[in-house]
Amino acid sequence: QVRLVESGGGLVRPGGSLTLSCAASGNIFEVATMRWYRQAPGQQRELVATVFHGGNTIYRDSVTGRFTISGDNAKNTVHLQMSNLKPEDTGVYYCNIVARAGATASMMAYWGQGTQVTVSS
């Protein structure tokens, strides 16, 4: 079984910075992608950033230039560095990985429990 644990959320003033971390544990044979999603109150969950196994990254337009996603394939960890935070960045941030749990297993998506980020003065 694969388990994801997020950390690093909190309350920050507009313009501030936070770094989120996610550690995956379990019988992880291969990771295809690592992603961060977020969900604001009353809104649908949205994709924030993706890092592929080879290192390529993709960001949603609203965070480009402010957020940086990085993954460590050897440690099965993914981080999201967030700077110049805005109130609209507030929400629960979820870590997601698509991985194979075992050499003969299929690729599956796994989710963390979420960590709250609140941007407010």
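Things to note:
- When you filter the trypsin sites (Lys or Arg not before Pro) in the range 11-96 for DSSP loop state and at most 10 other Cβ atoms inside 10 Å of their Cβ, you are left with Lys75.
- Share of pairwise Cα separations in the chain, more than 18 Å, in percent: 48
- Surrounding net charge for Gln39, when Lys and Arg each add one and Asp and Glu each subtract one, Cβ distance under 11 Å: +1
- Radius, Kirkwood style, for the range 52-99 when every pair of distinct Cα atoms is counted (Å): 12.1
- Cα centroid separation - the range 13-46 against the range 85-107, whole Å: 5
- Normalised by the number of residues in the chain, the mean separation of alpha-carbon contacts (under 8 Å, six or more apart) gives a relative contact order of 37 percent.
- Computed from the C-beta positions of Ser120 and Gln44, the FRET efficiency with R₀ = 22 Å rounds to 0.50.
- Working note: Karplus 6.51/-1.76/1.60 with θ = phi - 60° gives the range 55-66 the couplings x, 5, 10, 9, 10, 6, 4, 5, 10, 4, x, 10 Hz, where Gly and Pro are set to x.
- The charge dipole of the chain, taken about its Cα centre with unit charges on the Cβ of Lys, Arg, Asp and Glu (plus for the first two, minus for the last two), comes to roughly 60 debye.
Computed from the coordinates by the stated procedures, all read-outs in this text should not be read as laboratory data. Values in this document were obtained by computation on a predicted structure and should not be read as measured data. Ideal geometry is used to build each Cβ from the backbone, glycine not excepted, and the neighbour counts take in all protein chains shown.
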